Amino acid sequence: MTGMFQKIKPIALMQLRLDRVRLLVWIVAFIIVTAGTTLIFEGLYPSADDRDQLAASVVNPAITALLGPAYGFDDYHVGAILSHQMLLLTAVVVAIMSILLVTRHTREDEEDGRVELIRSLPVGRMSTLTAVMMNKAFTFVVLTILIGLSLVVLGIDSIDLQGSLLYGAVLGVTGILFAAITALCAQLAETSRGTISLAFTVLIVTYLIRAIGDVSNEALSWVSPLGWVIEAQVFVENRWWPVLMTLGLAILIAVVALYLNAKRDLGAGLLPSKSGKAEASKFLRTPLGFTLRMQRTSLIAWGIGLFVFGATYGSVLAETETYVAEMEVMQQMLGTEVSEGLALIEQFIAMLAVIISIFATIPMILAVYRLAKEEKVNRTEQVLATAISKTKLLSTYLIVALIMSAIVMVAASVGMGVTGVAMLEGDLAFSTIFNSIMVYLPATWLMIGLATLLVGIGKWRGLAWLYLGYSFVVVYLGGMLEFPEWMEALSVYEHIPNLPINDMNWLAVLTITILALILVVLAMISYSRRDING
Amino acid sequence: MAVLEVKGLTKSFGEVKALSGVDLTVQEGEVFGFIGPNGAGKSTTIRILLGILKASSGEAKIFGQDVWSDAVDIHKRIAYVPGDVNLWPNLTGGQVIDYFISLRGREVNQARKQELIERFQLDPTKKSGTYSKGNRQKVALVAAFAQDADLYILDEPTSGLDPLMERVFQEYVMEAKQNGKSVLLSSHILSEVERLCDHVGIIRDGTVIETGSLDEMRHLTRTHLYVETKQPLNLEDMPGVYDWQQEKQGYSFQVDTEKLDDVIKKISEYEVVKLESAPPTLEDLFMRHYESGGAMS
């Protein structure tokens, strides 16, 4: 067993070198988001009254399922708000970062034959994996310290040094835990895709178990490590033992991963790679069926995501008045005339509808851009060499994007409608909420049309994202910053009637639909005329 | 009858001129070898033939139809295998094969497909993500040969195959030829081209510099000679003699075909003990074209 760990140092340094930009971007992003939201919370809820009202509005099952149980809401200070509203979701993103980075240096390096090259040198069998684990431990210790410091320097009363470091440590150990879990998955699965999906499954399952546990049965939450980290009750109780528990579990899993790594053959996975069907089904043989199948996961995931998104907003509808009445920012976002009672809720719904629609547009653009990705990885060439025309191929992706638009918009509308109606106890009809979101469908089609055109001409694909981002800024900050009217008019979402506060405007909706159609026609023409690069 | 006809084809990518005059003709029932070094323009030509790239100028027709405007019609009757096969990692090889066949608008001939899968020793139930380069190429080859096509366009189809599989591939090409089908085979493996092809076109820097049957091309070139004589011999400075080398017993060199007569007359004066001659290999042809900068014709 001697020499199992030879030459860890140069390998570890090389990996760090390869990741230097990635690591920097991730860590800086975490610091900006954490410190930034803390300042926003501080600005949004300056007085104890504001915070008490917030506390009252967030104690409901939907929020608990999403963010975990709220601690310390008898004194809901900024620290408590931060750890309740941000910690769990940030921890999940840290876990995602960990999964992606670890897969890169384990199974992906192995799959691409780089590990083989390294192993042919006088290097220990365990060295690469040990180096990965050491790097991740180092990375997440750095993250812990930097997050901790960046919170302390904000100088907010309720955010003390111990709590800040614990906040960072919770994120750090979650990262280390998922580094170990991914390392283990990399021993089991045979491909990097398999590793990522296995690790993501673990993440989703731990998140769901915690969500169900937090809502229904607290004992269940103890099964999930994500349930433990919330028990740290950062800024409230400041418990350190959940961090140590998580770290212990991480070490245990890492040891198992190392053991399996030493035992198995290079290139082999311990889980038998599932063999699939030797033949394609009738459905898979058609271009549309094929494209739908390739985007199946994405269709389902975004559908569920938008449903939860809608349901979350729906669940707070009943608290609209407390939200809006006390907060100047909200009043500015809603515009000049702020109503009361049901009218106010309707105003709030109209604003949520456009925000939800803009978010829901993201998967639609992605669905069209899949074709550009196919071209980039040289897979369209073989398809176009068969008897399928370019316009038909592009239409296939367009249709999938339209199906995506139907799925995500209906999911969000139903999510918000069902929870909203339940919370408001029938003050508002389901159809009112449902229609307020669905009316934005033509605007999303215009975005699909734009995305299709950009794929058609084969360049400037960033433009669709830029335009979507612009539309979001106009809606989100327009009221506050008082943009001139023409700037708002540039966003297509501004031309959709604000149901339920305004009347339906069929002409506007129809015009936008026709514009979308024109973009699609232009897309077809340009795509069938241009060179395909791969 | 010409199945494929290309005249004066050019293609520019912005400032870069990728093709500057490609002429090719593939007759019905023949296997045409398309050879040239990396970056010479083979794949660009093939992508134009597939209607994926649009030619800047010139004419390219398959079955008498324009490769750009009638692409879909043409593609119903052709099969294509790229050199670099990229597949969808989450689908099995079998699923990809069926998809490609269906896209050509045909029903899958299961018996034929099974035969090919067995001959190429492919496991169709494995996910494409786990395939090696050779296995991905097998997927494309099975999809191409599993159904009838009138023209097979094969772009370095065997670069990842082992010699055994290469042989299987060659058998299928021969079978297609026997059935009167045409094949455009771009390849680096010159022994493969020599064995399979009736006509050969050599491309260099975006121009086809030589086409013809292998025999014709050999005629234009040199013959290898090895002689042993009783008297010492030195023809190093004689016109038409190249690569003069003194071996243990005799001398080996190459002779321009048109100077062969002069050289033989000269050698005979030195009391010949042994004389061996060999036709130039395609590799010799190939190397000469690239070393001499294409100046010979």
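The values are calculated or read from the model by the stated rules, or taken from the named source; none is laboratory data. Nothing here was measured: the structure is a model prediction, and the numbers come from that model. Note: ideal-geometry Cβ built from the backbone for every residue, glycine included; neighbour counts use all protein chains shown.
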- Query: What number of residues within segment A:5-53 satisfy the criterion of being in contact with an Asp or Glu (Cβ under 8 Å, 6 or more places away or on another chain) and acidic (Asp, Glu)?
  - Reply: 2
- By residue number, the members of segment A:268-281 that are more than 10 Å from chain B (Cβ to nearest Cβ) and in contact (Cβ under 8 Å) with a residue 40 or more places away in the chain are A:Ala268, A:Leu270, A:Leu271
- Query: Looking at A:Trp460, A:Trp465, which is the one that is assigned by TED's automatic domain parsing to the domain that holds A:Ala360, not small (Gly, Ala, Ser) and not in a helix (DSSP H, G or I)?
  - Reply: A:Trp460
- Item | Verdict on B:Asn38 being of a type outside the set (A, V, I, L, M, F, W, C), within 14 Å of chain A (Cβ to nearest Cβ) and surrounded by fewer than 23 Cβ atoms within 10 Å (Cβ to Cβ) | no
- In segment A:72-103, what count of residues is obtained for those that are part of a helix (DSSP H, G or I), hydrophobic (A, V, I, L, M, F, W, C), more than 16 Å from A:Ala179 (Cβ to Cβ) and touching a residue at least 40 places away in the same chain (Cβ under 8 Å)? 6
- Query: Among the residues of segment B:205-220, is any modelled with pLDDT under 85, more than 17 Å from B:Val31 (Cβ to Cβ) and not basic (Lys, Arg)?
  - Reply: yes
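Here's the yes/no breakdown for (1) in contact with a helix residue (DSSP H, G or I) (Cβ under 6 Å, 6 or more places away or on another chain); (2) at pLDDT below 90; (3) of a type in the set (Lys, Arg):
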position	(1), (2), (3)
B:Trp68	no, no, no
B:His75	no, no, no
B:Leu91	yes, no, no
B:Asn109	no, yes, no
B:Leu116	yes, no, no
- Message: in contact with a helix residue (DSSP H, G or I) (Cβ under 6 Å, 6 or more places away or on another chain) and more than 14 Å from chain B (Cβ to nearest Cβ): is that true of A:Leu198 in this structure?
- Response: no
- One residue from A:Leu16, A:Leu67 being surrounded by fewer than 21 Cβ atoms within 10 Å (Cβ to Cβ) and farther than 29 Å from A:Leu208 by Cβ: A:Leu16
- Within segment B:80-95, restricting attention to residues that are out of contact with any Lys or Arg (no Cβ under 9 Å at 6 or more places or on another chain) and facing another protein chain (nearest Cβ under 8 Å), which residue is nearest to B:Ile189 (Cα to Cα)? B:Pro82
- Scan of segment B:169-194 for residues that are part of a helix (DSSP H, G or I) and surrounded by fewer than 20 Cβ atoms within 10 Å (Cβ to Cβ), ordered by number: B:Gln170, B:Glu171, B:Tyr172, B:Met174, B:Glu175, B:Lys177, B:Gln178, B:Leu190, B:Ser191, B:Glu194
- Task: Just one of (1) in contact with a Gly (Cβ under 9 Å, 6 or more places away or on another chain); (2) assigned to a helix (DSSP H, G or I) trips up A:Ile159, so point out which.
- Result: (2)
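Conditions tested, residue by residue: (1) of a type in the set (A, V, I, L, M, F, W, C); (2) more than 16 Å from A:Pro363 (Cα to Cα).
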site	(1), (2)
A:Leu398	yes, no
A:Ile407	yes, no
A:Ala429	yes, yes
A:Tyr440	no, no
A:Ile448	yes, no
A:Leu466	yes, no
- Within segment A:251-266, identify whether any single residue is more than 12 Å from chain B (Cβ to nearest Cβ), within 30 Å of A:Asp160 (Cβ to Cβ) and out of contact with any strand residue (DSSP E or B) (no Cβ under 7 Å at 6 or more places or on another chain), and answer yes or no. yes
- Task: Can you tell me which residue within segment A:146-164, out of those that are among the aliphatic types (A, V, I, L, M) and over 24 Å from the mean Cα position of the chain (by Cα), is nearest to A:Leu82 (Cα to Cα)?
- Result: A:Ile159
- Message: So A:Glu279 ticks every box in (1) part of a helix (DSSP H, G or I); (2) more than 29 Å from the chain's Cα centre (by Cα); (3) crowded, with 16+ Cβ neighbours inside 10 Å but one. Which box is left unticked?
- Response: (1)
- Has segment B:41-57 got at least one residue that is without any contact (Cβ under 8 Å) to a residue 60 or more places away in the chain, charged (D, E, K, R), more than 7 Å from chain A (Cβ to nearest Cβ) and in contact with a strand residue (DSSP E or B) (Cβ under 8 Å, 6 or more places away or on another chain)? no
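Give me the residue from segment B:98-131 that is facing chain A (nearest Cβ under 7 Å) and among the β-branched types (Val, Ile, Thr) and, out of that set, surrounded by the fewest Cβ atoms within 10 Å (Cβ to Cβ). It would help to see each step written out before you state the result.
Of the residues in segment B:98-131, the ones facing chain A (nearest Cβ under 7 Å) are B:98-100, B:102-105, B:124-127, B:129-130.
Restricting the remaining residues to those that are among the β-branched types (Val, Ile, Thr) gives B:125, B:130.
Working: B:Thr125: 15, B:Thr130: 20.
The qualifying residue surrounded by the fewest Cβ atoms within 10 Å (Cβ to Cβ) is B:Thr125.
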- Query: Here are some conditions: (1) touching a residue at least 24 places away in the same chain (Cβ under 8 Å); (2) within 14 Å of chain B (Cβ to nearest Cβ); (3) small (Gly, Ala, Ser); (4) on the phi < 0 side of the Ramachandran plot. A:Ala385 meets all but one. Which one does it not meet?
  - Reply: (1)
- segment B:2-35 - residue that is in a loop (DSSP other than H, G, I, E, B) and on the phi < 0 side of the Ramachandran plot and, of those, nearest to the chain's Cα centre (by Cα): B:Glu30
- Query: In segment A:121-136, is there at least one residue being surrounded by 22 or more Cβ atoms within 10 Å (Cβ to Cβ), assigned to a loop (DSSP other than H, G, I, E, B) and not polar (S, T, N, Q)?
  - Reply: no
- Item | Filter result (in a loop (DSSP other than H, G, I, E, B), within 14 Å of chain B (Cβ to nearest Cβ) and under 30 Å from the mean Cα position of the chain (by Cα)) within segment A:282-320 | A:Leu284, A:Gln295
